[in-house]
1. Looking at A:ALA28, A:ALA44, which one is over 30 Å from B:ILE46 (Cβ atoms), touching an Asp or Glu at 6+ places or on another chain (Cβ under 6 Å) and among the aliphatic types (A, V, I, L, M)?
2. Collect the residues in the stretch B:25-58 that are at the interface with another protein chain (Cβ under 10 Å from one of its Cβ atoms), in a loop (DSSP other than H, G, I, E, B) and surrounded by fewer than 22 Cβ atoms within 10 Å (Cβ to Cβ), keeping them in residue-number order.
3. Looking at A:VAL83, A:VAL33, A:VAL92, A:VAL72, which one is within 30 Å of B:ARG63 (Cβ to Cβ) and under 17 Å from the mean Cα position of the chain (by Cα)?
4. In this structure, does B:GLY61 turn out to be closer than 19 Å to A:VAL53 by Cα and either at the interface with chain A (Cβ under 8 Å from one of its Cβ atoms) or β-branched (Val, Ile, Thr) (or both)?
5. Which one is modelled with the lowest pLDDT, of the residues in the stretch B:10-22 that are surrounded by fewer than 19 Cβ atoms within 10 Å (Cβ to Cβ) and within 26 Å of A:SER134 (Cα to Cα)?
6. Please list, ordered by first then second residue, the pairs with beta carbon atoms under 9 Å, 6 or more apart or interchain, first in the stretch A:47-59 and facing chain B (nearest Cβ under 7 Å), second assigned to a strand (DSSP E or B) and surrounded by fewer than 20 Cβ atoms within 10 Å (Cβ to Cβ).
7. Against the conditions (1) within 28 Å of A:VAL128 (Cα to Cα); (2) over 11 Å from the mean Cα position of the chain (by Cα); (3) more than 9 Å from chain A (Cβ to nearest Cβ); (4) at pLDDT 95 or above, where does B:PHE6 fall short? Just the number, please.
8. Considering each residue of the stretch A:110-125, count those that are more than 11 Å from chain B (Cβ to nearest Cβ) and not in a strand (DSSP E or B), and give that number.
Amino acid sequence: MELYNGSLDTKEIFGRWLDEQSHSNYGAYIPFVGTIRAEDGISALSFDIYEPVLQVWFDKWVEKAKERGAIVKMAHSIGDVEVHTSSYISAVFSPQRKVALSLINEFVEDFKANAPIWKYDVIDGERVYAQDRSTPMSGAGLLG
Amino acid sequence: MVKVEFLGPMGIEPIEIEVSNLKELSKILKENRDISSWLDKSAVAINDVMVNNLDTTLNSGDRVSILPPVCGG
């Protein structure tokens, strides 16, 4: 898991991940790139991350992937990320493509639902919590 | 003392309180108007491990994190 301040250098990261596994005999490498769209007058999105819980979440996925003979990778931005650049990328390596295709979907869906990351719209230099697009994590409401 | 921290957009400073389980903590936090509106949609971690049981015991030195709705990516 890799965290960066600002936009991700997607080509460098994907290229490096590919090089690292070049002799691991994986038949499939499926990358996912999340790019920030220009909409609703935003100039950027901004992110807060709670790294200790994110690391625990990610480590569980590393184990789940391992049980299926696969590897999961991810990188995410902290702070402001301008439109038309990337704040989140992930990838799966596996011996066969079917496992990788299925795993990238499950991994990204669970990431959206349970990774402890908070998103803000940046409008006229102000950070506004993206409440409407946010999802309560699993187990939410325990103290309510 | 148990330290309680409010993550992400909550914008509330951490507090330290004397409680022995999550049920007691819930009761106290519900009395604070700035905090109570977040509780029904927030998840809870103790010492960075997510928890699901209101009877979970709290010991002095424990750190409780309140995690509001998320949106990564």
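The values are calculated or read from the model by the stated rules, or taken from the named source; none is laboratory data. The model shown is predicted, which means the values in this text are computed figures rather than measured ones. Ideal geometry is used to build each Cβ from the backbone, glycine not excepted, and the neighbour counts take in all protein chains shown.
1. A:ALA44
2. Within the stretch B:25-58, B:ASP40, B:LYS41, B:ASN47, B:ASP48, B:ASN52, B:ASN53, B:LEU54, B:THR56 qualify.
3. Residue meeting the stated conditions: A:VAL72.
4. Details: closer than 19 Å to A:VAL53 by Cα: yes; either at the interface with chain A (Cβ under 8 Å from one of its Cβ atoms) or β-branched (Val, Ile, Thr) (or both): no.
Spelling it out, it is not the case that B:GLY61 is closer than 19 Å to A:VAL53 by Cα and either at the interface with chain A (Cβ under 8 Å from one of its Cβ atoms) or β-branched (Val, Ile, Thr) (or both).
5. B:GLY11
6. A:ASP48/A:ILE78; A:ASP48/A:GLY79; A:VAL53/B:VAL49; A:VAL53/B:MET50; A:VAL56/B:VAL49; A:VAL56/B:MET50
7. Checking B:PHE6 against (1) within 28 Å of A:VAL128 (Cα to Cα); (2) over 11 Å from the mean Cα position of the chain (by Cα); (3) more than 9 Å from chain A (Cβ to nearest Cβ); (4) at pLDDT 95 or above, the one that fails is (2).
8. 2
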